[in-house]
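Read through the structure below, which is laid out as structure tokens, and then see the notes.
Read-outs: derived from the displayed coordinates by stated rules, not from any lab. Treat the numbers as computed from the prediction; the structure is a model and nothing was measured. Neighbour counts are summed over all protein chains in view; Cβ atoms, including those assigned to glycine, are modelled from backbone coordinates with ideal geometry.
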Amino acid sequence: MILSKNVVVIPTLNEAENVMELLPKLLPLDLDILIVDDSSADGTAEVARSFDIDGARITILSRPSKLGLGSAYIQGFRRCLSLGYENLIQMDADGSHRVQDLELLLKEIGESDVIDLVIGSRWVHGGRIENWSKHREVLSRVANLYSKRVLSTAVNDMTAGFRIYRAELLTRMNLDGIESQGYSFQIEMTREALRVGAVIKEVPITFVERTIGTSKMSFQIVLEAIFKVTKWGLSRK
């Protein structure tokens, strides 16, 4: 039995320390929590379970190995859709997405009958980043500008991973056709949402670089994104 109409889906891979910081901030909000854990060796799943005193708010979806960010979200979304949640929140475990910003995103979608997808955006007026290197900032800005122009969209932060999807939108999207696992997963999901006519609202957030653990971003992930966006752009010609 679900306790809220909202659920936050959080993929994890060795994020025990960050989960320990994040869950106490999430639990006071009107939402349930689904942790999709790729067999973390640091006991992430066990740490998450320890916060669910009555066994009703936090669900752990344990996977046998590292299967990728994209498949973690798709599997998590399918689980939540089958349970009847109305709003599905996408959020990182590493502390880069602030809970106070999540409250803004929830307010935005809660007050609208027409918005299908709310994106927590770094690259709109009022959006900010903290503790990023100049190199990473330039990489993100260029990737988003390239994606926006090649795919001819109005979305400024195509790679944003902080989002709220309405369940009704996800049921219209072809989730079986989503292939990306890394950086390009967010772009592909945005592209698919636009294909089915989604109304998207970007809300400015402050993105904070993680202070615990190491980023899972790699050059290979960036190359995947460039290749896929270019392919999608050419297919529009």
Exercise. Grab the Cα-Cα distance for Lys25 and Arg128, subtract it from 0.36 nm times how many residues apart they are, and report the gain in nm with one decimal.
Key: 35.0 nm
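Placing unit charges on C-beta atoms (Lys and Arg positive, Asp and Glu negative, everything else neutral), compute the dipole magnitude of the chain about its Cα centre in debye, rounded to 20.
Details: 29 positive and 31 negative charges, 223 e Å.
Once rounded to the nearest 20, the dipole reads 1060 debye.
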Quiz item: In cubic angstrom, how much convex hull volume per residue do the alpha carbon atoms of the stretch 92-225 span?
Solution: 115
Quiz item: Based on DSSP, what percent of beta bridges with both residues in the chain are antiparallel, to the nearest 5?
Solution: 25
Quiz item: What FRET efficiency, computed as 1/(1 + (r/R0)^6) with R0 = 35 Å and r the Cβ-Cβ distance, is obtained for Leu104 and Lys231, rounded to the nearest 0.05?
Solution: 0.55
Quiz item: Which distance in nm do the two modelled labels at Arg141 and Arg195 give, with both placed 7 Å along the Cα-to-Cβ direction?
Solution: 3.1
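Could you sort 100-109, 126-135 so that the peptide with the highest average Cβ count within 10 Å comes first and the rest follow in order? Each step should come with its number before you reach the end.
Values: 100-109: 16.7, 126-135: 11.8.
The packing order, highest mean first, is 100-109, 126-135.
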Practice problem: Compute the length gained on full extension between Ser4 and Ser82: take 0.36 nm times their separation in residues and subtract their Cα-Cα distance, giving the result in nm to one decimal. | Solution: 26.7 nm
Quiz item: Relative to the present Cα-Cα distance, how much length would full extension add between Glu111 and Thr171 at 0.36 nm per residue of separation?
Solution: 19.5 nm
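Below 14 angstrom from the Cβ of Met91, what's the summed charge of the other residues (Lys, Arg +1; Asp, Glu -1)?
Working: positive: Lys25, Arg98, Arg163, Arg210; negative: Glu15, Glu21, Asp32, Asp92, Asp94, Asp101, Glu103.
Around Met91, the charge tally is -3.
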Practice problem: For the chain, state what percent of all Cα-Cα pairs lands in each successive 10 Å bin, counting from 0 Å until the bin that includes the largest distance. | Solution: 7, 34, 40, 17, 2, 0
